[in-house]
Amino acid sequence: MNGSTVIELQSNILFWILIALFAWQGYQRGLIAELVKTGFIAAGFVAGQPDILGRTLVKAINGFWFAFQFLMHGGLQAIATGNFNAETLNGIFDEISQLPLLIPKNSAEMAMFLAMLFLVGVGYLASNLLKPQWPGLGLVSGAVNGFLLSYIFLPRLPQELPFQIEDLSVAGILKQAVSLTGYLVGLAIDVGSRVFGFIHQLFGAWSIPIMLLAAVVFVLMNIKPAKKKSGNSGGGGS
Amino acid sequence: MGPFEYLWLSIFTIFVMVALVRKYPNELGTTIIIFATLFLITYLAAPKMPGLINSLYARVFDASVTQRQMQHALASIFSLGFMAAVFASYAGQTLSFPGKPAPGWKGSVYSLLVGVMNGYLISGTLWYFQDYYQYPIADFGLLYLPLTPTGETIAAFLPPYVVPPAFWGFLVAVMLLFRVRK
C-alpha cells in the first residue's frame, strides 16, 4: 500500500469507528437526547465557522465587552444621573477606545473553536438530563451526530496519523502504541498551552486565580451527596 | 542533581497519583488546608517574619542578621511550616468534603483535576520559597544555578507569584461555604 492509500484507509476506519460509537451511544440515550445534542452540535458548527456565524459572534462578544466597559467607565453614572452632555460621553468614549479588545483579531479563530467546543460540550451535558426514549431512532440520530462530529473534527486532524496499521506484529503494535501515546501527550500539551495562552490574553494576571476558582467550584459542585443514614448520625443541632 | 524542574515534576506527579488513589472529596480537604496555609504565610507571616527574626537574633546574639542568613531562615521556616501543614492534611483524622465521588471515568477526571491542582500548589509553593529567597538550597550544593530556560518559564508561574495573597483567603471562604452547604 502506498502512503496516501494508508492515510485514506486510516481516515475511513476512524470515520466508521466514530459513527459506530455515537450510534451506540444514541441507542442508549434515546431519540430526544440525541436531537438535543444535534441542535447544540449544529449551533457549535455555525459558531465555529468564520463565514457563517463565527466572526459575528466574536464581534458581538467584543461589542458586549465595550458596552460593559462603557458602563464601568462612567456610563452607568451618566445614565443614573441623566448627565448625557457631549463632553462626558466624549470623555468616556476616549477612555474606552484605548482599551484592548476582549478577543483580539489574532485570537479570533481560537475563540471560535472554543465556542464550538463549549456548545458541543453543553449539548452533551444537556442530553444527559433527559430520560432515554425510543432507542431505535436514537441509534439513527446518534449515527447522524457521529457523522456531524466527524465532519467537523476529522479535517482538523493532521494528514499523517502518528501510527501505521500496516505492521500488526507484537513489536509493531507496541511501537505504534508508544508513538500514539507520545503524540497524544504532545497534542495535550500543545492544546493546553494554546488554551492557557488564550485565557492569559483575556484575563492577564488574573488567569491562574480565575482558573483555580473555576476548578474548585466545578469539582465541589460535582460531589454527589452521600445517602443519609437513618437514625442520629452526623453533626447538627444538639 | 539535574534541572530543578525535574524535582518539581517528580513532586507534582506524586501528588497527582495520590489524588487518583484518594479521590477528590478527600483531596479537596488537602486543597483547603493548602489555601489556608498559603493565606497565612503570604498575607500574614511573610511581611512580619523578617522583623521578628531580626529582633530575636539581635536579642540572642547581639548582632544583626545578614541578608543571606535571613533568606536561609525565611525559606526554611516557610518551607517547613508549609510541609507540616500539608503533612497534617494527609495524616490521621483528615478534613474531607462529605459526599461520594462521581462514578466511572468522570470521578477519575475530577480526581485528576484536583491532583493537578494540589501538585501544582505544593511543588510550586516549595519552589517559590527557593526562588523568592534566591535559592538558599544552592549553598548546600543541592542545586546548580542558573535555571534552564524551561525552569525560568515555569518559575514565573509559581502559585504565590500569580495569586494575590488575599485571594487565598477568598478561596478558603468559597470552599468553606460549600463545606457548610453540603
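The values are calculated or read from the model by the stated rules, or taken from the named source; none is laboratory data. Because the structure is predicted, anything quoted here is derived from the model rather than measured. Note that we place each Cβ from the backbone using ideal geometry, even for glycine, and neighbour counts take in every protein chain shown. Ligands, DNA and RNA are stripped out before the accessible areas are found, and what is left, the full protein with its side chains, is counted by its heavy atoms. Shrake-Rupley method; radii C 1.70, N 1.55, O 1.52, S 1.80 Å.
What number goes with the only condition from (1) away from every other protein chain (no Cβ under 14 Å); (2) modelled with pLDDT under 90; (3) open to solvent by 30 Å² or more (accessible area, probe 1.4 Å); (4) closer than 24 Å to B:Ile14 by Cα that B:Asp139 does not pass?
Result: B:Asp139 fails condition (4) only.
Which of the residues belonging to region A:89-108 are open to solvent by less than 40 Å² (accessible area, probe 1.4 Å) and farther than 30 Å from A:Arg194 by Cβ?
Of everything in region A:89-108, those that are open to solvent by less than 40 Å² (accessible area, probe 1.4 Å) and farther than 30 Å from A:Arg194 by Cβ turn out to be A:Gly91, A:Ile92.
B:Tyr128 - would you say it is of a type in the set (Phe, Trp, Tyr), closer than 22 Å to A:Leu213 by Cβ, open to solvent by 10 Å² or more (accessible area, probe 1.4 Å) and within 11 Å of chain A (Cβ to nearest Cβ)?
Here the answer is no, as B:Tyr128 does not meet what is asked.
Could you list all residues from region B:131-168 that are outside any loop (DSSP other than H, G, I, E, B) and under 16 Å from A:Ile210 (Cβ atoms)?
Correct list: B:Pro159, B:Tyr161, B:Val162, B:Ala166, B:Phe167, B:Trp168.
Examine region B:53-62 for a residue that is among the hydrophobic types (A, V, I, L, M, F, W, C), part of a helix (DSSP H, G or I) and either open to solvent by less than 40 Å² (accessible area, probe 1.4 Å) or within 14 Å of another protein chain (Cβ to nearest Cβ) (or both), and state whether such a residue exists.
Checked against the condition, which is being among the hydrophobic types (A, V, I, L, M, F, W, C), part of a helix (DSSP H, G or I) and either open to solvent by less than 40 Å² (accessible area, probe 1.4 Å) or within 14 Å of another protein chain (Cβ to nearest Cβ) (or both), region B:53-62 yields at least one hit.
Select from region B:152-182 the residues that are open to solvent by less than 90 Å² (accessible area, probe 1.4 Å) and modelled with pLDDT under 85 and list them in ascending order.
Within region B:152-182, B:Arg179, B:Lys182 qualify.
Within the set of pairs 6 or more residues apart or between chains, which connect a residue that is under 11 Å from B:Gln71 (Cα atoms) and of a type in the set (Ser, Thr, Tyr) inside region B:130-155 to a residue that is outside any helix (DSSP H, G or I) and open to solvent by less than 80 Å² (accessible area, probe 1.4 Å) with Cβ atoms less than 8 Å apart?
If the second residue must be outside any helix (DSSP H, G or I) and open to solvent by less than 80 Å² (accessible area, probe 1.4 Å), the pairs left are B:Tyr135/B:Leu143.
For region B:65-117: of the residues being in a loop (DSSP other than H, G, I, E, B) and within 14 Å of chain A (Cβ to nearest Cβ), which is farthest from B:Phe35 (Cα to Cα)?
Once the filter is applied, the top-ranked residue is B:Pro103.
B:Gly119 fails exactly one of the following numbered conditions: (1) in contact with a helix residue (DSSP H, G or I) (Cβ under 9 Å, 6 or more places away or on another chain); (2) farther than 20 Å from B:Pro3 by Cβ. What is the number of that condition?
(2)
What are the pairs, 6+ residues apart or on separate chains, where a residue within region A:199-217 that is more than 8 Å from chain B (Cβ to nearest Cβ) has its Cβ under 6 Å from a residue that is at pLDDT below 90 and buried (at least 16 other Cβ atoms within 10 Å of the Cβ)?
Within 6 Å, the pairs are A:Ile199/A:Ser207; A:His200/A:Ser207; A:Gln201/A:Ser107.
Within region A:127-147, which residues are of a type outside the set (Phe, Trp, Tyr) and modelled with pLDDT of 85 or more?
Across region A:127-147, the qualifying residues are A:Leu137, A:Gly138, A:Leu139, A:Val140, A:Ser141, A:Gly142, A:Ala143, A:Val144, A:Asn145, A:Gly146.
Could you count how many residues in region B:80-119 are among the aromatic types (Phe, Trp, Tyr) and open to solvent by 40 Å² or more (accessible area, probe 1.4 Å)?
3
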